Each structure stands twice: as C-alpha cells, then as structure tokens.
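Below is one structure, written out as structure tokens; comments come after it.
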Amino acid sequence: MRKTILFLCVVLTKSVAFSQDTATFKVGKTENKFVYSQNTIKIFKGQRISIKSSNSNGQLIELQLVDTTESKIASPSKLGLNVLQQNNERNITIDFNTIQLDDGKVATYLIVNNPYKGTLTYKAKFFSRRTNEYIETSIYPVSPGISGIETWPYSITDLILYDFTIKE
C-alpha cells in the first residue's frame, strides 16, 4: 500500500510539474502573462517588465508582475544609459530586445537589475528556431545594486528565466 501511494505521489508530482513547464513553453507573446508558477518568468523580445518578489531563505518566490512596457534597448550606443537608469529601480527590472547593429548584424540583449543586498542568480532558457526547442544558456550572477547584461550574437525571440536566488 505504501509503495502504491508513494508511486502515485511521484507520478502526480512529475506530471503536474511537467504540465506547468509545458504550458509556459507553449505560451505566445499575445497571451503571455509573464509570471508562471512561483519562480518562472517568460519574456519576449521588445518587452521590459518589473517584478516584485518575496525572499524565502535566499529563494525568490511569489514573483508578481508590477509593470510592463516596451523595451528601452534601442541601440548599443545607449546601452550604458539604459543600465544606469535601470540600476535605480526598486524591483527586479528585466529588459529584453534584439537590435540591428551598425554592421547590419543583429544582437540580443538582456538587462536584469539587482535591487537586493545579496548577489542575484537565476537560470535561463532561450527558444532556438533551429532546433525548435528551449535550450539552457549560461547567465552571470548580478552583484548587489547594479544591472547585469547578457548578450548573444543572434536573434532570440523569447526567454524563460527561473530559479531566482539571492546569495548573501
């Protein structure tokens, strides 16, 4: 009896977790609600969002969308100004966009500020049009009180950011 209950708990937990992840992956830009589960964000290029959260033993949970607007990332020459402005935000602000460079190539930028006293870490997956699936990418931790910038030398349509933590 115990084995049966344990088996059902494991199967149900995995199926619920999988269905939540699958739903997040399948959402398009128009129906995107930005925050999924307690610790997952989906953002599309051209969007800028502000998120507030609760800190539970270093794990950022109960993420809540505060504001959405168009991305302020318009050119590489103004990237420094974008970062300086974003450093003053009281909530986590995430700005994501793909822009055309002077040489005609494209680049994708992600700016995430850290309003906390500890180092902000998170994980990210981007949608690959080549493989038609989400692929995990490396992300640098963001020091307290500043913004982190991630760049990719190609166009990315959307990102899933998750597992936000603060390390004191």
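The values are calculated or read from the model by the stated rules, or taken from the named source; none is laboratory data. Model, not experiment: these values are computed from the prediction. Here Cβ is always computed from backbone atoms with ideal geometry, including for glycine, and neighbour counts include all displayed protein chains.
Residues that are within 12 Å of Ile160 (Cα to Cα) and among the aliphatic types (A, V, I, L, M) were ranked within the range 111-137; the one that is surrounded by the fewest Cβ atoms within 10 Å (Cβ to Cβ) is Ile135. Residues in the range 86-127 that are closer than 14 Å to Ala74 by Cα, in contact with a strand residue (DSSP E or B) (Cβ under 9 Å, 6 or more places away or on another chain) and free of Cβ contacts under 8 Å to residues at least 60 places away in the same chain: Asp95, Asn97, Thr98, Ile99, Gln100, Leu101, Val106, Ala107, Tyr109, Leu110, Ile111. Quick one: how many residues across the range 90-106 are within 20 Å of Thr121 (Cβ to Cβ) and assigned to a strand (DSSP E or B)? So the answer is 5.
Of all residues in the range 34-63, those that are assigned to a strand (DSSP E or B) have Cβ atoms under 9 Å from Cβ atoms of residues that are surrounded by fewer than 15 Cβ atoms within 10 Å (Cβ to Cβ) and among the small types (Gly, Ala, Ser), 6 or more apart or on another chain, in Tyr36/Ala23; Phe44/Gly28; Leu60/Ser54; Ile61/Ser54; Glu62/Ser54; Glu62/Ser56; Leu63/Ser37; Leu63/Ser54. State yes or no: is Tyr109 out of contact with any Cys (no Cβ under 6 Å at 6 or more places or on another chain), assigned to a loop (DSSP other than H, G, I, E, B) and either among the aromatic types (Phe, Trp, Tyr) or at pLDDT 95 or above (or both)? Spelling it out, it is not the case that Tyr109 is out of contact with any Cys (no Cβ under 6 Å at 6 or more places or on another chain), assigned to a loop (DSSP other than H, G, I, E, B) and either among the aromatic types (Phe, Trp, Tyr) or at pLDDT 95 or above (or both).
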